[in-house]
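Data block below; observations after.
The values are calculated or read from the model by the stated rules, or taken from the named source; none is laboratory data. Keep in mind that what you see is a predicted model, and the values were worked out from it rather than measured. Glycine gets a Cβ as well: all are built from the backbone with ideal geometry, and neighbour counts include every protein chain shown.
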Amino acid sequence: METFEIPVGPSQRLLKIEPQGTTNTYKIFAADRAQDWIDHEQARSVDIPDDGLLGTITVRSERDFDFEGGGAFSGDEILGIAAQITLHPSFQQQ
């Protein structure tokens, strides 16, 4: 399974999505750790870990998923991530 990138949020930050061995489980990384991750709309900053890992998501459908990670994303952004993953060829409909 190959890694792919998707844009997220109003600023269209790029995320690297890495499929895991478990069905429809993906690790989410910052594609460019040097990119400005300060969310001006919500006046919060996000500390990017050294490895760039922002969380893990298991997607069952566009609106049915589990996300584990810090506060790097708003609810709408997580919904957008899940929706984009369901459109990717690596996603297996259950």
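Candidates are the residues of the stretch 1-51 that are on the phi > 0 side of the Ramachandran plot and out of contact with any Asp or Glu (no Cβ under 9 Å at 6 or more places or on another chain); the one that is modelled with the lowest pLDDT is A43.
The residue that is modelled with the lowest pLDDT, among those in the stretch 77-94 that are surrounded by 11 or more Cβ atoms within 10 Å (Cβ to Cβ) and over 11 Å from the mean Cα position of the chain (by Cα), is S90. Selection of first residues in the stretch 49-67 that are closer than 17 Å to H88 by Cβ and of second residues that are among the basic types (K, R), restricted to Cβ pairs under 6 Å at least 6 apart or on distinct chains, gives the following pairs, ordered by first then second residue: T56/K27.
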